[in-house]
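Some notes on the structure that comes next.
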């Protein structure tokens, strides 16, 4: 477990991996793999069956952590594989895999999750009809990048008071997302706080694109057209999730503020000069 | 928890410890020194928040795993409810964790949050709302990590106790069974 100071990170975690693997091989008698039912909306990921025999290791269903790693379990249990060095891709199943995997794998997993969430939310796909499942693996990194990007784009376009513009844009978007979520919750809707924040953040992607285009080309008519298109796109993206979360009679009450917020961001984009 | 690092051991994962500390220190240093050198609030905001976010990610995904063997996350189960999940190494591995590593991990976590709170108080006194925004974001990230890892550690301790009592119970029953079979 202890190494000299010259050992780089990856090999030290590799040796941790090997040690822990040996430990587990020694202590685990049988290795039945517990398996999750496969979820249709999830993109293909590193599949790792999970060992449930040890009481310590979380025999759970590899879940998607908030800005953290993720793994999916296949619907067919794999035979217990030989201890291998590439943990995340191998079939050796036990919870320490997420604890002892190489750092690069975590990064890749998070990045791929951002991309898949973006595709699910913003682009047409067959899972939009079941919104509860679609953003199951919510994460807040995507929204964070999109909000900062939008703030930067607005700030760049502004010729004066750049700092105020950025601060106002960031605060408006962040507070707006929180307030919209609270609105849905207070209307008696069933939505999970972070999932909704994540969704509203991802729905900012079209406005990001619009702001980028407006940044590059400073024609008012073009700006109006681009902003209207991206506004419609954002609202279309947010609609299924928001409307399914509340009582059908209160759909408009939940959707109207979302639309209002996007309209105000759109005005900010147009009006900045 | 003592104020001095446990003696007699070296850091087992020096590079991880370094990364654990470096982003926190960089975010705090940049924020404090930037007022002297940088005019633009946007740059201060973006760089500080970016460093804080990187630090959050590193602590949560890398140094938490490697230095103390803990990991926490949230997932949404099939019923649509949000569930917090905690994961920890088993007892032997936890016991083998380097004491100095875990000392460093917890202390820097708490110190960084305390530093942000102090800076927040300064900002409040000076009535600078926009700097308060930056500090708010960084503080939220630090506190999220602290809460998550503390809960995870408690969960791990609970599991160890459960395991110990289970083992004792099963050993007692098997001893009794073998005693009866002999008789």
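The values are calculated or read from the model by the stated rules, or taken from the named source; none is laboratory data. The shown structure was predicted, so the numbers you read here are calculated from the model rather than taken from an experiment. So basically every Cβ, Gly included, is an ideal-geometry build from the backbone, and we count neighbours across all protein chains shown.
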Residue in the stretch B:30-41 that is more than 8 Å from chain A (Cβ to nearest Cβ), buried (at least 17 other Cβ atoms within 10 Å of the Cβ) and closer than 17 Å to residue B:144 by Cβ present: no
From the list B:154, B:100, which one is crowded, with 19+ Cβ neighbours inside 10 Å and in a helix (DSSP H, G or I)? B:100
Looking at this structure, is residue B:116 buried (at least 18 other Cβ atoms within 10 Å of the Cβ) and either more than 21 Å from residue B:17 (Cα to Cα) or at pLDDT below 90 (or both)? no
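Going by what's in this entry, would residue A:118 be described as in contact (Cβ under 8 Å) with a residue 40 or more places away in the chain and closer than 19 Å to residue A:263 by Cα? Give the steps one after another, and end with the answer.
On the way: in contact (Cβ under 8 Å) with a residue 40 or more places away in the chain: yes; closer than 19 Å to residue A:263 by Cα: no.
Taking the combined requirement at face value, the residue does not satisfy it.
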Which numbered condition in (1) crowded, with 18+ Cβ neighbours inside 10 Å; (2) within 8 Å of chain A (Cβ to nearest Cβ); (3) in contact (Cβ under 8 Å) with a residue 12 or more places away in the chain is the only one that residue B:91 fails? (1)
Selection over the stretch A:241-257 where residues are crowded, with 21+ Cβ neighbours inside 10 Å and modelled with pLDDT of 90 or more yields a count of 0
Tell me the residue from A:167, A:177 that is part of a helix (DSSP H, G or I) and at pLDDT 90 or above, please. A:177
Any chance the stretch A:230-240 includes a residue that's without any contact (Cβ under 8 Å) to a residue 12 or more places away in the chain, part of a helix (DSSP H, G or I) and surrounded by 16 or more Cβ atoms within 10 Å (Cβ to Cβ)? no
I need a count of the residues in the stretch B:58-76 that are at the interface with chain A (Cβ under 7 Å from one of its Cβ atoms) and closer than 13 Å to residue B:16 by Cα. 6
Can you tell me which residue is surrounded by the fewest Cβ atoms within 10 Å (Cβ to Cβ) among those in the stretch A:174-219 that are within 14 Å of residue A:265 (Cβ to Cβ) and within 12 Å of another protein chain (Cβ to nearest Cβ)? A:175
Selection status of residue B:86, touching a residue at least 60 places away in the same chain (Cβ under 8 Å) and in contact with a strand residue (DSSP E or B) (Cβ under 9 Å, 6 or more places away or on another chain): yes
Being touching a strand residue (DSSP E or B) at 6+ places or on another chain (Cβ under 8 Å) and either at pLDDT below 85 or assigned to a helix (DSSP H, G or I) (or both) is the requirement here; does residue A:194 meet it? yes
Exception for residue B:103 within (1) over 15 Å from the mean Cα position of the chain (by Cα); (2) farther than 28 Å from residue A:196 by Cα; (3) more than 8 Å from chain A (Cβ to nearest Cβ) falls at (1)
For the stretch B:146-157, indicate whether the set of residues that are away from chain A (no Cβ under 14 Å) and farther than 25 Å from residue B:22 by Cβ is non-empty. yes
